[in-house]
Each structure stands twice: as structure tokens, then as C-alpha cells.
1. Apply the Karplus parameterisation 6.51 cos²θ - 1.76 cosθ + 1.60, with θ equal to phi minus 60°, to every residue of the stretch 54-59 and state each ³J(HN,Hα) to the nearest whole Hz, in sequence, with x for glycine and proline.
2. What does the charge add up to near residue 87, with Lys and Arg as +1, Asp and Glu as -1, over the other residues with Cβ less than 11 Å from its Cβ?
3. Sort 83, 239, 252 by heavy-atom solvent-accessible area, probe 1.4 angstrom, most to least.
4. Please list 3J(HN,Hα) in residue order for the stretch 61-73, calculated via the Karplus relation 6.51 cos²θ - 1.76 cosθ + 1.60 where θ = phi - 60°; whole Hz, with x for glycine and proline.
5. Calculate, in nm to one decimal, what residue 149 and residue 188 gain on full extension: separation in residues at 0.36 nm each, minus their alpha carbon distance.
6. Test of understanding: what is the full-extension gain from residue 260 to residue 140, defined as 0.36 nm times their sequence separation minus their Cα-Cα distance?
7. I'd like to check one number: the per residue accessible area of the stretch 42-177, probe 1.4 Å, reported in Å² as a whole number.
8. Within the accessible area of the stretch 74-128, what % is carbon and sulfur when the probe is 1.4 Å and the other protein chains stay in place?
Amino acid sequence: LRAQAERYPFVSALEPLSALLEPLRGRSAGWYLTELSQQSDAIADAREDHYSPIKRFLDGPQRAIYDDARDYLARQRPNLHQVDPALVTPIETTLADPACFKGQAMQQLKTQLDALKTEIREQLAAERARAEQEILHMRAQLEGLPEYAAQSDSLRAEIDSAARAAIKRLAHEDHLAVIRDTLHNFRDHTYPELLARLTAPLVSEQPPATEGNPQPHSAPATQPAKPPQQLVPLRNLSVPFGQPLLRTPEDVDAYLSALRQRLLDTLEAGQGISL
């Protein structure tokens, strides 16, 4: 049992029993017959207080509860700071308790663990749903632009594929922070890049005339006239404003003036602004 002390710290409670047994090794047969009885009560007490309950714990269903709690906390460590500490601290306290193998500790631990699992599961579902809804909204915005119908099938397919790929990543991700990062990456990088390409001016390329067909009737091909304009998300624009708060109508006017100038400066620099 002592070999499992690293995985089950409470096994260290066997040290007093081990300390009692160690001096008994290597004695003569006569010593065992005459002297051992003097220590039998202490050995029996240590066995009853520690060895027997620990062995029952490790051989029974309580061990599975302990393992589940420990392993779940390890897997969910990135999510734990996102939930109420009152749901996490009692579990960590029980796992570290050197007497957790006694009494009803594991039954209480299972109840606490189930509550934590429910909370994290619900937060993950809500975060995925929010991120998916926002990604679908951005895709719908792209599809609703007048330029969308005039673009190539390949770009329209790329827009749909990018949204689907992001949503697929959300479905397989179990960390709240990574779900948010997936949304932020799509919103701050993928969406502006697709928007810039989608709204880039197009030029028509009339198929060349041939001797037998001087004016072809086929529809002209279209391609971007120049590289897409770089787009800057509005949320990424810093507005030079000296106050941390808006308290008066005059403050609002001053902030809007600073924001307007920042937007104009961005456009003057040749960049577009995505909302």
C-alpha cells in the first residue's frame, strides 16, 4: 500500500504502523514468542485505525470516486478559474485531507464533483452556443452584402467553409478560453480578411474575340482589380481620449469627436474599418 502514496497521499497515514513493524523484522523465533505480545495492542490499534480502512478504501468503490475527482480537476484545470471557487475548493480540500478515507468523505465528494461537472458542462454549452451564433451572424453579414452575388463560387464556398470549420472546432473544444479564442480569431482575423476580399473592386475580363466569333456572348469573367484593402476591426482602434469616464453631454461630444477623427485618420491611411 505504501507504494501508492504518491497517487494517494493519505496512504502516508500508514507510517506509524510501518514504524511499529520495522523493528520486528529479523528477530529470533524465541523473541516473537516472548516479546511480541508486548506490542500487539499498539499494532492492532494501528491496523484498525489506518491499515484496514485504507485497504477497504483502495479495494472498494470509494477509490473510483477519488480517482474521478482528481482526474477531472486535472483535465479541467484551465476551466476552474472560470467557475465559482466555492464549487472547486471543497473538492481540492477533500482530496488533500489525510483522513479522506474515513467516514462519508467520498459520498460528499461525489455530490460536490457532480455539481462542478454540471456547472462546467453548462458553461461550455453556453459559450459554444454564443460563439456559434456570432460566427453565423458574421457569415450572414458577408452573404448579405451586394458584392456577394458578384463574387466567384470559390470565394463564396470559402466563406461558408471558414465558418463551418470554426464551428466544428467549437464543437470539439472543452476549454472555455480556447472557445473564446476561436471566436476572437474568426472575428478579428478571418472575418476582416474575407470581408476585404469580398468587397475588393472587380474588373471584367471580356473573352478575346475570335475570327468566327468577333463578339463572344459568354459572360465576362471578373477578378479583383487590386489587392483587397486592409481592414481594421473597429474594436481594435484606439481612441486618444484623456478621460476614463464619460460624465456629461460635453464628454460624449468630445469622445465622439476624437472617435470620428480616429476613423478619418484610418481611412486616410488607406485602411478600411470593419464593424
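The values are calculated or read from the model by the stated rules, or taken from the named source; none is laboratory data. In this text, all values refer to a predicted model and were calculated from it rather than measured experimentally. Cβ sites come from the backbone with ideal geometry, for glycine too, and all protein chains shown count toward neighbours. To get the accessible areas, we keep the full protein, side chains included, count just its heavy atoms, and leave off ligands, DNA and RNA. Shrake-Rupley method; radii C 1.70, N 1.55, O 1.52, S 1.80 Å.
1. Whole-Hz 3J(HN,Hα) from phi for the stretch 54-59: 5, 5, 4, 4, 6, 8.
2. -3
3. Values: 83 10, 239 35, 252 60 Å².
Result, largest first: 252, 239, 83.
4. Rounded to whole hertz, the list is x, 5, 4, 5, 5, 4, 4, 4, 5, 5, 5, 5, 4.
5. On the way: separation 39, 0.36 × 39 = 14.04 nm, distance 2.39 nm.
Difference between extended and current length: 11.6 nm.
6. That pair, residue 260 and residue 140, stretches by 40.5 nm at full extension.
7. Counting only protein heavy atoms, the per-residue value for the stretch 42-177 is 55 Å².
8. On the way: 1690 of 3020 Å².
Here it works out to 56 percent.
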